[in-house]
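Beneath this line is the structure, given in structure tokens, with notes to follow.
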Amino acid sequence: MAEVMRSETLNISNNTSSLASPELLHVLAVDDSIVDRKFIERLLRVSSCKVTVVDSATRALQYLGLDGDNNSGGVEDLKINLIMTDYSMPGMTGYELLKKIKESSAFREIPVVIMSSENILPRIDRCLEEGAEDFLLKPVKLADVKRLRDSLLKAEERVFKNMMHKRELEANDIYSQLKRAKI
Amino acid sequence: MQRQVALIKQSLFDQGYLDEQFMELEELQDDANPNFVEEVATLYFKDSARLINNIEQALERGSFDFNRLDNYMHQFKGSSTSIGASKVKTECTMFREYCRAGNAEGCLRTFKQLKKEHATLRKKLEQYFQLARQAGPKEIARRPK
């Protein structure tokens, strides 16, 4: 009977997840309000997320390594799973930050959520058209954050499962080749 | 003591000083972070004092830059909303309406009222937090485990 090939025997790397660490989403939060920064940070920590908070879109770009002149920017190995940004900020708005992120090859796949205290439909439409993952009305609710987290974790799980399935197929393929070679 | 704390909190809600957002903040407290709400409140009052100062200076100048004033008030309203400061938030909204209408007199009047509500809330919350600390951690609402 065929032996079951274990992944360890084939030396498959276990680090296949893009999560910052097992089960932990890393969220970058951007807000110019000190009260809202404290609030969103707490909401995210309570939801078991790793949090980095900055006070402006400019600082967010600096953190991501996108503030240089060259377009190839992006900090290597920086694992961000979600960006949540306030819409109305002095200097660069959350909308402009969204655009910059979607223009970057390194970070355009990262979901960006816009937060705003104002329920302005054209604004919401514009953000969604530009590729925002979601638009949350402030004050943000814990339920909103948990919902985001759950849907991101599900997406990560799907990616992970697909990858593992692919590796399994590859492993089976190698196994059959070895078997044939022995005969 | 604990009952006193609960009563003070209830009256703050009943009288409309605080709204459900304050309760949302309390829900975020736990054993590891028992003073979260007080920390947020401290940040709020520090930040709003700065905003009040800026608005005061802008008003004193006499030339009513309604855009600038509205901008300050947008920030003020935002943080007031985040902490659940209901009456202050209402005054912020009114102020902004007067800004949009270009009504200087209305702005001045509302600002006076806003400062009053702000000061009252500050005093009441300081009292509440002090008593809550004395009463012990049981009194602060916790997230159900």
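The values are calculated or read from the model by the stated rules, or taken from the named source; none is laboratory data. Being a predicted model, the structure only gives us computed values, none of them experimental. Cβ sites come from the backbone with ideal geometry, for glycine too, and all protein chains shown count toward neighbours. All accessible areas refer to the heavy atoms of the entire protein, side chains included, with ligands and DNA or RNA removed. Shrake-Rupley method; radii C 1.70, N 1.55, O 1.52, S 1.80 Å.
For the chain pair A and B, the interface hides roughly 1600 square angstrom of accessible area in total, found with a 1.4 Å probe. On full extension, the segment bounded by B:Asn67 and B:Gln134 gains 19.7 nm, given 0.36 nm per residue less the C-alpha separation.
The H on the amide N of A:Met84, modeled in the peptide plane, is under 5 Å from the matching H of A:Leu28, A:Ala29, A:Val30, A:Val113, each at least 5 residues off or on a different chain. Restricting the calculation to Cα atoms, the protein assembly as shown yields a radius of gyration followed by a Dmax of 25.2, 97 Å. For the residues of B:79-86, the average number of beta carbons from a partner chain within 10 Å of their own beta carbon is 4. Counting only other chain Cβ atoms within 10 Å of each residue's Cβ, the peptide A:29-36 averages 5. Rounded to the nearest 0.05, the FRET efficiency derived from the C-beta distance between A:Met164 and B:Asn35 at R0 = 45 Å is 0.55. In a simple Cβ point-charge model (Lys, Arg +1; Asp, Glu -1; nothing else charged), the stretch A:26-154 has a dipole of about 560 debye relative to its Cα centre. Simple spin-label estimate for A:Lys141 and A:Ser105 gives 4.2 nm between the two label positions (7 Å along the Cα-to-Cβ direction from each Cα).
The charge dipole of chain B, taken about its Cα centre with unit charges on the Cβ of Lys, Arg, Asp and Glu (plus for the first two, minus for the last two), comes to roughly 280 debye.
For a straight C-alpha distance cut-off of 23 angstrom, the lysines reachable from B:Lys115 (same-chain residues fewer than eight places away being disregarded) are B:Lys9, B:Lys46, B:Lys77, B:Lys87, B:Lys89, B:Lys123, B:Lys124.
DSSP bridge analysis restricted to the protein assembly as shown gives an antiparallel fraction near 15%, rounded to the nearest 5.
Computed with every protein chain present, the accessible area of B:Met23 is close to 90 Å² [probe 1.4 Å].
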